[in-house]
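J.: My structure is below; once you've seen it, I'll send some questions.
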């Protein structure tokens, strides 16, 4: 009897360890199949003044609200914006809705940020708010080829969705904010 109890405990320990290992393998497999998705857009319409850091116009504020409405059901893991009022305020309604914090990046270091986001193990969807002179090159970097043309100075409504699957080529979907 004394020898049976330790033997049973050992068998139970092996069974529990085996179950835990199988659960970890299933979780790792499921995580590996989740793609990384990047939603990139230029900031909403800004005020037309000579300020180096203008606010959003009334129309821009409406666009920011429409963005939050459009993405309300989209689970986001992070929101990035350049440290300018127009990008921060474009993301603000969505950030408030999702309970996230905006993380900041310098436009000149956008390629470094993308590389970091692509390489880290996190899966899910990231929103990046930038500028007309940075967003197209960021999209092209994620795609690995020059697909997206420059954004016109008066175009504030294009949304690029780049999906990087675990295997296979990246994909691009282009949307417009509703008017």
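Where a number appears in this text, it was derived from the coordinates with a stated rule and is not lab data. It should be emphasised that the depicted structure is a prediction, and the values quoted were computed from it without experimental measurement. Reconstructed Cβ throughout: ideal geometry from the backbone, glycine too, with neighbour counts over all protein chains shown.
J.: Does a label point 7 Å from the Cα of residue 141, set along Cα-to-beta-carbon, have any residues of segment 65-104 with amide nitrogen under 17 Å, and which are they?
T.: Answer for segment 65-104: 79-84, 103-104.
J.: Enter the Cα centre distance for the pair segment 56-102 and segment 149-178, rounded to the nearest angstrom.
T.: If we compute the Cα centre of each part, the gap is 17 Å.
J.: Same structure again: Give the Rg (one decimal place) followed by the Dmax (whole number) of segment 55-133, computed from C-alpha coordinates and expressed in Å.
T.: 12.6, 39
J.: Hey, can you rank 97-109, 36-48 by average C-beta count inside 10 Å, highest first?
T.: 36-48, 97-109
J.: Computed over the Cα atoms of segment 34-176, what is the convex hull's projected area averaged over all directions, in nm²?
T.: 8.0
J.: Treat each spin label as a single point 7 Å out from the Cα along the C-beta direction, and report the residue 116 to residue 66 distance in nm.
T.: The answer from the label model is 3.2 nm.
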